[in-house]
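Written out below as structure tokens is the structure these notes cover.
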Amino acid sequence: MKRTTIVRAEAVLWVGGALAIPLWSEFHEPGRQLWNVMLAAFLIAVVMAAYFGLRHLQRTGTQIGEARFVTKRPDKDDG
């Protein structure tokens with residue numbers, strides 16, 4: 001695996017951390033320990049899920065693309 005593919009996944013950690021800090025400062029409540037623990041666990045879980053998800057897609061070589069669905073009904077004569 002090329003080093004450049006790992007850098008993208010590591011960038012998710014930095015961007016996720018940069019976004020988690022303002023979210024923490026906005027939503028934490030002093031004196032409400034259970035809420036703060038759940039908030040920290042949630043923010044960490046979201047960042048780690050994004051990191052491991054992207055890393056998995058990069059290691060397996062999965063290409064993310066547009067989903068296309070057939071929207072017309074098949075003709076009865078087609079088979």
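The values are calculated or read from the model by the stated rules, or taken from the named source; none is laboratory data. Not measured: the values here are computed from a predicted model. Cβ sites come from the backbone with ideal geometry, for glycine too, and all protein chains shown count toward neighbours. These accessible areas exclude ligands, DNA and RNA; they are computed on the full protein's heavy atoms, side chains included. Shrake-Rupley method; radii C 1.70, N 1.55, O 1.52, S 1.80 Å.
Residues of the stretch 29-49 that are loosely packed, with under 13 Cβ neighbours inside 10 Å and either part of a helix (DSSP H, G or I) or in contact with a helix residue (DSSP H, G or I) (Cβ under 7 Å, 6 or more places away or on another chain) (or both): E29, Q33, L34, W35, V37, M38, A41, A45, A49.
A quick yes/no check of all residues on (1) more than 12 Å from the chain's Cα centre (by Cα); (2) open to solvent by 60 Å² or more (accessible area, probe 1.4 Å); (3) of a type outside the set (S, T, N, Q):
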position	(1), (2), (3)
W24	yes, yes, yes
F27	yes, yes, yes
Y51	no, no, yes
T62	yes, yes, no
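Selection of first residues in the stretch 26-48 that are more than 23 Å from R8 (Cα to Cα) and of second residues that are loosely packed, with under 12 Cβ neighbours inside 10 Å, restricted to Cβ pairs under 8 Å at least 6 apart or on distinct chains, gives the following pairs, ordered by first then second residue: W35/E29; N36/E29.
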